[in-house]
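The values are calculated or read from the model by the stated rules, or taken from the named source; none is laboratory data. What you are looking at is a predicted structure, and each value in this text was computed from that prediction instead of being measured. We place every Cβ from the backbone using ideal geometry, glycine too, and count neighbours over all the protein chains shown.
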Amino acid sequence: MESLNDHIQSWAAALGPTGEAILRLILAALAGGLIGLEREVRGRQAGFRTNTLVCLGSCLVMLVSVQFGLHAWPTHPPGSGININVDPARIAYGVMTGIGFLGAGTIIKHRTGVLGLTTAAGMWCVAAVGLAVGFGMYTVAAAGALGLLLVLWVLEYVQRALPRLRYRTVTVRRRWEPNCVTETVQRLKQAELKVVDVSFRRTADLSHVDIDLHIVYSDEQRYFKFERELQRDSAYDLMSMCET
C-alpha cells in the first residue's frame, strides 16, 4: 500500500505544481460527485451538486492553506532575522466549523422526529475527503470516499434488516360506556401491541370518547394488520395516527 501511494504521489508531482493542483480539484469533484449521486438517488436534501461543491471547495481551501505554509513571507524590516511561520491547517479548521453550519441547514424537525442527521454527517465527511485530496493524500482520500459510500449505501440495507422498536400514537373514537377505555387497551394487547401510555377525553355531548393510545411495536406488518381490522370495526372510528 505504501509503494502504491508513493507511486501515485510521484506521478502527480511530475505534473508540476499547477497541474497537480488541478488534478486534486478534479479528483475532489469526482469524489464529492459520487457521494452526492448516492444522496440524489435517495432523494436527500443535499444531493449531487451540493456534495460536489463541498468537496471541491474544501480541496481548494486546503490547496490555498498549503500555499500559505510554503510561501516565503518577507520580513519587515528586511534582514531583521524575524521568521514568519504560518499554520497551513488553520484555514482547514474553519472549513470543518463552517460545514457544521451548512449541515445544520439540512436538519429538519418533523413532528416529533428529526430528519437530515445522516445527510449533515455525510456532508461533514465529504468536506474531510476534500481536505485530504487537497493535501495530496490520494490513497487515504480514496479509502475515505469508498468507506463513506459503503456506509451510506450498503449499511442502509443492514439497518433495515435490524430489529427496531417503533413508537406510534393512535387516536380512536368510540361510544362512551363503562370500561370502554380498558376494553380498547385489551384489544391492542390481544393484537400483541404494547401500550405504553393511554389517555382519553370525552366529547362535548359526553356520548363518545377519544382515546389516545401510545404504543410500541417491532413488527410493522402486525401493526398494519391491526389497523385494517380496526378500520373495519364499526364500533371504532380511527381519528388519527402518527409515528413518534
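Residue pairs, Cβ under 6 Å, 6 or more apart or interchain, first in segment 142-162 and under 13 Å from Ala128 (Cβ atoms), second surrounded by 13 or more Cβ atoms within 10 Å (Cβ to Cβ). List them.
Within 6 Å, the pairs are Gly144/Val129; Ala145/Ala31; Ala145/Val129; Leu148/Ile35; Leu148/Cys125.
This table checks each residue for (1) assigned by TED's automatic domain parsing to the domain that holds Val154; (2) surrounded by 15 or more Cβ atoms within 10 Å (Cβ to Cβ); (3) without any contact (Cβ under 8 Å) to a residue 60 or more places away in the chain; (4) out of contact with any Ser or Thr (no Cβ under 8 Å at 6 or more places or on another chain).
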| site | (1), (2), (3), (4) |
| --- | --- |
| Leu15 | yes, no, yes, yes |
| Ala29 | yes, yes, yes, no |
| Gly32 | yes, yes, no, no |
| Ile35 | yes, yes, no, yes |
| Glu38 | yes, yes, no, yes |
| Val41 | yes, no, yes, yes |
| Arg49 | yes, no, yes, yes |
| Cys55 | yes, yes, no, yes |
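Here is a yes/no grid of residues against (1) surrounded by 12 or more Cβ atoms within 10 Å (Cβ to Cβ); (2) assigned to a helix (DSSP H, G or I); (3) of a type outside the set (Val, Ile, Thr):
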{"site": "Ala204", "(1), (2), (3)": "no, no, yes"}
{"site": "Val209", "(1), (2), (3)": "yes, no, no"}
{"site": "Leu213", "(1), (2), (3)": "yes, no, yes"}
{"site": "Val216", "(1), (2), (3)": "yes, no, no"}
{"site": "Leu230", "(1), (2), (3)": "yes, yes, yes"}
{"site": "Ser234", "(1), (2), (3)": "no, no, yes"}
{"site": "Ser240", "(1), (2), (3)": "no, no, yes"}
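Going residue by residue through segment 196-209, is there one that turns out to be out of contact with any Asp or Glu (no Cβ under 8 Å at 6 or more places or on another chain), closer than 30 Å to Leu162 by Cβ, at pLDDT 85 or above and not charged (D, E, K, R)?
yes
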